[in-house]
Amino acid sequence: MKQRITILGAGLAGLLTGYRLKKLGFEIRILEARNRLGGRISTVVSDNNTLVEMGATWFGEQHTNLLALLEELELSYFEQFMKGTAYFEAFSMSPPQIIEIPTDNPSYRIMGGTFALINKLAEFFNENEIILNEQVKELDFNDNIVKIITQDKIFEANIVISTLPPALLVNSIMFRPQISSELSSIAERTHTWMQDAIKVALVYETPFWKHKNISGTLFSNVGPITEFYDQSDAENTKYALCGFINSSYAQFSATERKEKILSQLERLLGNEALKYKSYEEVIWSEEVFTKNKMQENIFVYPHQNNGNAIFSPAYFNERFYISGSETSQYFPGYMEGTIFSSNKLVSKIIR
Ligand SMILES: Cc1cc2nc3c(=O)[nH]c(=O)nc-3n(C[C@H](O)[C@H](O)[C@H](O)COP(=O)(O)OP(=O)(O)OC[C@H]3O[C@@H](n4cnc5c(N)ncnc54)[C@H](O)[C@@H]3O)c2cc1C
């Protein structure tokens, strides 16, 4: 009998796992809580169709599984623009230092935005196979068939694969019967990569920084910006700057935060920085399908418990698998780790 597999989450892990299993002849359904695909991959179409990355962006030559997947899906990539002056603000009392960025280990971006990877995988499914706006709330393993309960529907499957970050999984889904306290307590203490990140992008009509031989690369201990980069397209026809804000700035109002970011950009890049066409920001700690309120009181170190062996076995009589970036033993938290864990799980299911 054809095995019916339901995958929870339509981020990179869910879509890639579904893509591989469907190719092998399994019947696949993917349930996604958000009203969009991609999870922590989110390429926003901003002013003048300029694409800015509010989630995953960069990778390197060490990310061999990602490079192989891009080749398999016939997606191209290009080098992150780093030419020209870069600034480092070490102390608030001292002027910014001009620094040299080594060019021997470049990072890359996917042509057409990281979301091109999500779109390419999604093309492989028909409209009944990926269902958006379905927040899974309960998994019931009492019968031979697994019942997957969302806000207003009950789905059934032979096998369920979760691709939710483990902490979110155990804090937002009820299991019948309950999962072991060991699995629950480790999952709860498993760090979700970038769960507290704030990402900001500004789109410009002209790349004024490049005209002054400034790369757009900024590092700062002063803040609010901690790291910023040029995010113009590969063809150099659309122009943007994009990067990370210190996560403590989530406490400010959106207006106050923006004022502080603009004041830092003006200080470093001059008043042309204020002539932006559009401004985008995502505060990932407020994204309830990445980090929920239950996780706020539990302190975890970056990558804590990532790739823990407890995520490897199948549970509930081989009917439940836990996958996703944070379960990977190799580059956990990154796209590379996501692909590694998906590939590994598919091999396990075939066996
Ligand atoms: C700001 C930021 C910057 C990043 N930068 C980089 C980078 O430069 N390079 C890099 O390699 N990686 C980066 N990453 C990490 C990268 O995005 C992740 O490794 C990868 O996208 C994880 O994919 P995933 O499918 O495992 O998890 P997710 O993308 O988190 O997917 C899980 C999915 O499950 C869904 N979901 C949650 N709850 C439910 C529910 N109850 N029912 C149904 N669905 C549910 C979510 O909506 C989501 O779509 C970054 C991440 C962020 C947030």
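No lab work stands behind these numbers, since they all come straight from the coordinates. Predicted model only: the values in this text are computed from it and were never measured. For neighbour counting, all protein chains shown are included, and Cβ atoms are generated from backbone atoms with ideal geometry for every residue, glycine included.
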5 Å is the cut-off here: which amide hydrogens, built 1.01 Å from N in the peptide plane, fall below it relative to Ser232, excluding neighbours closer than 5 in sequence? Ala240
Between segment 310-335 and segment 249-263, the Cα center-to-center distance that results, in Å: 37
Along Cα→Cβ, 7 Å out, is where each label goes; now give me the distance between the ones at Phe244 and Glu27 in nm to one decimal. 4.4
Applying the Karplus parametrisation 6.51 cos²θ - 1.76 cosθ + 1.60 with θ = phi - 60° to the phi angles of segment 70-83, what ³J(HN,Hα) value in whole Hz is obtained for each residue in order, glycine and proline being reported as x? 4, 5, 4, 8, 6, 9, 9, 9, 9, 7, 4, 5, 9, 6
Pick out, from Phe289, Ser215, Leu265, the residue whose Cα sits farthest towards the positive end of the charge dipole of the chain, with +1 on the Cβ of Lys and Arg and -1 on the Cβ of Asp and Glu. Phe289
For the residue pair Thr206 and Glu266, what label-to-label distance in nm results when each label sits 7 Å from Cα along the Cα-to-beta-carbon direction? 2.0
Tell me, what HN-Hα J-couplings in whole Hz come from the Karplus equation 6.51 cos²θ - 1.76 cosθ + 1.60 at θ = phi - 60° for each residue of segment 232-240, using x for Gly and Pro? 5, 6, 4, 7, 6, 10, 10, 10, 7
Rounded, prolate or oblate: which one fits segment 200-239, using the alpha carbon gyration tensor with axes a ≥ b ≥ c (rounded when a/c is under 1.5, else prolate when a/b beats b/c, else oblate)? prolate
Amide H neighbours of Tyr77 under 5 Å, counting only residues 5+ apart in sequence or on other chains, H built in-plane at 1.01 Å? Met111
Rounded to the nearest 5, what % of DSSP beta bridges with both residues in segment 1-149 are antiparallel? 60
Restricting segment 260-296 to trypsin sites (Lys or Arg not before Pro) in coil, as DSSP defines it, with at most 12 other Cβ within 10 Å: Lys275
Under 5 Å from the placed amide H of Ile41, counting only residues 5+ away or on other chains, we find Leu12, Ala56
Tell me the mean residue ellipticity at 222 nm calculated for the chain from its helices only (DSSP H runs of n ≥ 4, each -39500 (n - 2.57), averaged over every residue, nearest 500). -6500 deg cm²/dmol
How long is the chain along each principal axis, judged by its Cα atoms, biggest number first, in Å? 66, 43, 36
Only counting other Cβ atoms within 10 Å, I'd like Thr150, Thr217 sorted with the fewest neighbours first. Thr150, Thr217
In vacuo Debye scattering of segment 1-145, one point per C-alpha: log10 I(q)/I(0) at q = 0.10, 0.11, 0.15, 0.16 Å⁻¹? -0.49, -0.57, -0.88, -0.96
Length gained if Asn126 through Thr103 is fully extended, taking 0.36 nm per residue and subtracting the Cα-Cα distance, is 4.0 nm
Express in nm, to one decimal, how much length is gained between Asn144 and Ser278 on full extension, taking 0.36 nm for each residue of separation and deducting their alpha carbon distance. 43.0 nm
Please list, by residue number, every one of the GluC sites (Glu not before Pro) in segment 235-310 that is coil in DSSP and has at most 14 other beta-carbon atoms within 10 Å. Glu235
Taking θ = phi - 60°, what integer Hz values does the Karplus form 6.51 cos²θ - 1.76 cosθ + 1.60 yield along segment 249-265, in sequence order, with x for Gly and Pro? 6, 5, 6, 7, 6, 4, 5, 5, 4, 4, 4, 5, 5, 5, 5, 5, 5
For the residue pair Glu227 and Asn213, what label-to-label distance in nm results when each label sits 7 Å from Cα along the Cα-to-beta-carbon direction? 2.7
Determine the principal axes of the Cα atoms in segment 84-144, then give the extent along each, sorted from largest to smallest and rounded to whole angstroms. 65, 29, 21
Which order results if Met194, Met174 are arranged by neighbouring Cβ count within 10 Å, fewest first? Met174, Met194
I'd like the GluC sites (Glu not before Pro) in segment 305-351 restricted to DSSP loop residues with at most 13 other Cβ atoms within 10 Å, sorted by number. Glu318
Residue exposure sequence - Tyr330, Tyr87 - by fewest surrounding Cβ within 10 Å: Tyr330, Tyr87
